[in-house]
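Q: Please read through the structure below; I'll follow up with questions.
The values are calculated or read from the model by the stated rules, or taken from the named source; none is laboratory data. This is a predicted model, so every value here is computed, not measured. Heads up, the Cβs are rebuilt from the backbone with ideal geometry, glycines too, and the neighbour counts pull from every protein chain shown. Protein only, heavy atoms only, side chains kept; ligands, DNA and RNA dropped before computing areas. Shrake-Rupley method; radii C 1.70, N 1.55, O 1.52, S 1.80 Å.
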Amino acid sequence: MIELKLDKKLFAPKFYPYLFDYSNRFEFYMGSAGSGKSYFITQKLIIRAINEPIRILVCRKYATTIRQTVFSLFCDVIKRWKLDKHVKINQSDYRITFLHNGSEIIFTGLDEETKLLSLNNIGSVFIEEVFEVEEELVEQLNLRMRGKTKNQQIIMAWNPISQ
């Protein structure tokens, strides 16, 4: 069991009310670069992976952008929260496994739809820069969440491209 003692000040105040809220199938976060939305979503998903056994899919349109963006962000938060000894980070496979309960965070690009076909038992999906992703892919991800996890969620984030 991992016991996290995190100060409320670590979380963006505007997003904090959603930290433990998994009641909505879809969550949308829009904000400018540096608004803290992706950081908050990363925090929320790490906490969820610690608290319950779950498989989380984190994706962007292109696999080539995964390492320098969302995967790096998740690794940074894990290090900052000193969780290194509680997880196995597979740098080549872009996968984080929580040793105490088997939770997994899997990172993939959506540029190869065949990768989605092999995914099962996904309890939550985070789509970064969702405006780049075709609606049909979002629907496919929604269909992939067929597991036993209660309160399955698709979390979508994007930067506004105009007012």
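Q: How high is the relative contact order of region 1-105, in percent, counting Cα pairs under 8 Å that sit 6 or more residues apart?
A: For region 1-105, the relative contact order is 28 percent.
Q: Using a probe of 1.4 angstrom, how much of the accessible area of the chain is carbon and sulfur, in percent?
A: Numbers: 4470 of 8800 Å².
For the chain, the apolar C and S fraction of the accessible surface comes to 51 percent.
Q: Please give the solvent-accessible surface of Tyr94 in Å², to the nearest 10, using a probe radius of 1.4 Å with every protein chain present.
A: Counting only protein heavy atoms, the figure is 50 Å².
Q: Tell me, in nm to one decimal, what length is gained between Thr69 and Glu134 on full extension, where the rule is 0.36 nm per residue of separation less the Cα-Cα distance? Please list the in-between numbers first.
A: Working: separation 65, 0.36 × 65 = 23.40 nm, distance 1.99 nm.
Difference between extended and current length: 21.4 nm.
Q: Also, I was wondering about something else. Which value results for Rg/Rh of region 46-163 when Rg is the Cα radius of gyration and Rh the Kirkwood radius based on the inverse mean 1/r?
A: 0.95
Q: How big is the accessible area of Trp158 in square angstrom, nearest 10, if you roll a 1.4 angstrom probe over the protein chains?
A: 60
Q: Further question: Between Lys79 and Glu112, take the C-beta separation as r, use R0 = 35 Å, and let me know the FRET efficiency to the nearest 0.05. Kindly include the intermediate steps, with their values, before the conclusion.
A: Working: r = 29 Å, r/R0 = 0.84.
Efficiency at R0 = 35 Å is approximately 0.75.
Q: Might you work out the accessible area of Met30 for me, using a 1.4 Å probe with all protein chains in place, and round it to the nearest 10 Å²?
A: Spelled out: Met30, probe radius 1.4 Å, area about 110 Å².
Q: Related question: Leaving out ligands and nucleic acids, and using a 1.4 Å probe, what accessible area per residue does region 50-94 come to in Å²?
A: Accessible surface, normalised per residue, equals 54 Å².
Q: Write down the percent of antiparallel bridges among all DSSP beta bridges whose residues are both part of region 14-163, to the nearest 5.
A: Close to 25 percent.
Q: Still on this model: Would you mind listing how long region 107-153 runs along its three principal axes, going by Cα atoms, in whole Å with the largest first?
A: Dimensions of region 107-153 along the principal axes of its Cα atoms: 28, 20, 18 Å.
Q: If you place +1 on the Cβ of every Lys and Arg and -1 on the Cβ of every Asp and Glu, how big does the dipole about the Cα centre of region 18-123 come out, in debye to the nearest 20?
A: On the way: 15 positive and 10 negative charges, 57 e Å.
That gives region 18-123 a dipole magnitude of about 280 debye.
Q: Using helices alone, what [θ] at 222 nm do you get for the chain, with -39,500 (n - 2.57) per DSSP H run of 4 or more residues, divided over all residues and rounded to the nearest 500?
A: When only DSSP H runs of four or more count, the value is -6500 deg cm²/dmol.
Q: Whats the longest run of the chain with zero trypsin sites (Lys or Arg not before Pro) that are DSSP loop and have at most 15 other Cβ atoms within 10 Å?
A: No qualifying site falls inside 83-145, the longest such stretch.
Q: So how much slack lies between Asn90 and Asn120, counting 0.36 nm per residue of separation and subtracting their Cα-Cα distance, in nm? If you can, show how the numbers build up before the last one.
A: On the way: separation 30, 0.36 × 30 = 10.80 nm, distance 1.92 nm.
Residue separation times 0.36 nm, minus the Cα-Cα distance, leaves 8.9 nm.
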